[in-house]
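The values are calculated or read from the model by the stated rules, or taken from the named source; none is laboratory data. Computed from a prediction, not measured in an experiment: that's the story for all the values here. Methodologically, a virtual Cβ is constructed for each residue, glycine included, from the backbone with ideal geometry; neighbour enumeration extends over all protein chains shown. Accessible surface is based on the protein model in full, side chains and every heavy atom, while ligands, DNA and RNA are left aside. Shrake-Rupley method; radii C 1.70, N 1.55, O 1.52, S 1.80 Å.
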Amino acid sequence: ETGVTQSPTHLIKTRGQQVTLRCSSQSGHNTVSWYQQALGQGPQFIFQYYREEENGRGNFPPRFSGLQFPNYSSELNVNALELDDSALYLCASSLLEERANYGYTFGSGTRLTVV
Amino acid sequence: QKEVEQNSGPLSVPEGAIASLNCTYSDRVSQSFFWYRQYSGKSPELIMSIYSNGDKEDGRFTAQLNKASQYVSLLIRDSQPSDSATYLCAVYKAGTALIFGKGTTLSVSS
C-alpha cells in the first residue's frame, strides 16, 4: 500500500508567478484535501475533492484552485503568488464513506517560498 | 470564536510524567475527532481518533471525548523525550473537511 506522495518537496517562486503542486493519494482513498500551514500555525483548510468534484472550500481566494483526476491524484494551482503564500502545503487523502471519515493521511508536503 | 481551540503552550513535563493536552470545538454537530503529532519540519501523523463519548486507549495514549462540553483531550502516559512535538487537535463534521487547531507544543525533558 503506497502512502500520499507530493511533489516537488521545495519550490521558490517570484511574486506574481503561478505554481502547480501535485499529490498522489493513498491507495483506496477517494478524497483529497489541501492545507496551507504557515510557521507556528495549524494547517488551514484550502479545499477538498471527492470523486473529482470540489465538495468543500476554506477561506481562500479564487486564485487558489484545484483538480482531482480519475486516479484520485490531485493538483493545487496558485495564481498571482503573494509573499504571504509562503508556507508548507499539505495534501491529505482519506476514505469518505456515507458521510463518515476515518482520518486523513498526509503527504510530506511542499515547502513554497515566494520572494 | 475559533472552530477548534488549543492552548499553544509550550507544555513542559519531565520524562515519565503524564502530559495532558486539551482542545475545545465550537460546532456541536462535529462527528469525528483526531489527534495528530507533528515534528518540526514534518507533516502531521495521526495518533488517535475518537468518535463517541468516553475514553479510548492505545498504548501510552488515551483520548477523551465529552460532546456535551465540546471538549476532547489527549493524555500521554510515561512521557518520553521522543514525544516532544506539536500536537494538533482536528475535528470533522459531515459535508466539510478536517479542521485543525493551532496545536500545542509539548516538551519532555530527560
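Quick look at the values:
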read-out	value
Pairs with Cβ under 6 Å, 6+ apart, first in region B:88-110 and facing chain A (nearest Cβ under 10 Å) and among the aromatic types (Phe, Trp, Tyr), second part of a loop (DSSP other than H, G, I, E, B) and buried (at least 19 other Cβ atoms within 10 Å of the Cβ)	B:92/B:98; B:100/A:42; B:100/A:43
Region A:48-68, subset open to solvent by 70 Å² or more (accessible area, probe 1.4 Å), at negative phi and part of a loop (DSSP other than H, G, I, E, B), residue nearest to the other protein chains (Cβ to nearest Cβ)	A:59
Some residue of region A:83-93 being over 23 Å from residue B:91 (Cβ atoms) and open to solvent by 50 Å² or more (accessible area, probe 1.4 Å)	yes
Hits in region A:69-89 - residues which are assigned to a strand (DSSP E or B) and in contact (Cβ under 8 Å) with a residue 60 or more places away in the chain	A:78, A:89
Within region A:26-46, considering residues that are hydrophobic (A, V, I, L, M, F, W, C) and not in a loop (DSSP other than H, G, I, E, B), the one nearest to the chain's Cα centre (by Cα)	A:34
Leading residue by the ranking (surrounded by the most Cβ atoms within 10 Å (Cβ to Cβ)) among those in region A:27-45 that are in contact (Cβ under 8 Å) with a residue 40 or more places away in the chain and at the interface with chain B (Cβ under 9 Å from one of its Cβ atoms)	A:43
Region B:52-87 - residue that is β-branched (Val, Ile, Thr) and away from chain A (no Cβ under 13 Å) and, of those, nearest to the chain's Cα centre (by Cα)	B:72
Residue A:105 among the β-branched types (Val, Ile, Thr), buried (at least 20 other Cβ atoms within 10 Å of the Cβ) and at pLDDT below 95	no
Strands (runs of 3 or more DSSP E) completely within chain B that count 2 or more residues being open to solvent by less than 20 Å² (accessible area, probe 1.4 Å)	B:19-25, B:32-38, B:45-50, B:61-66, B:71-76, B:85-92, B:104-109
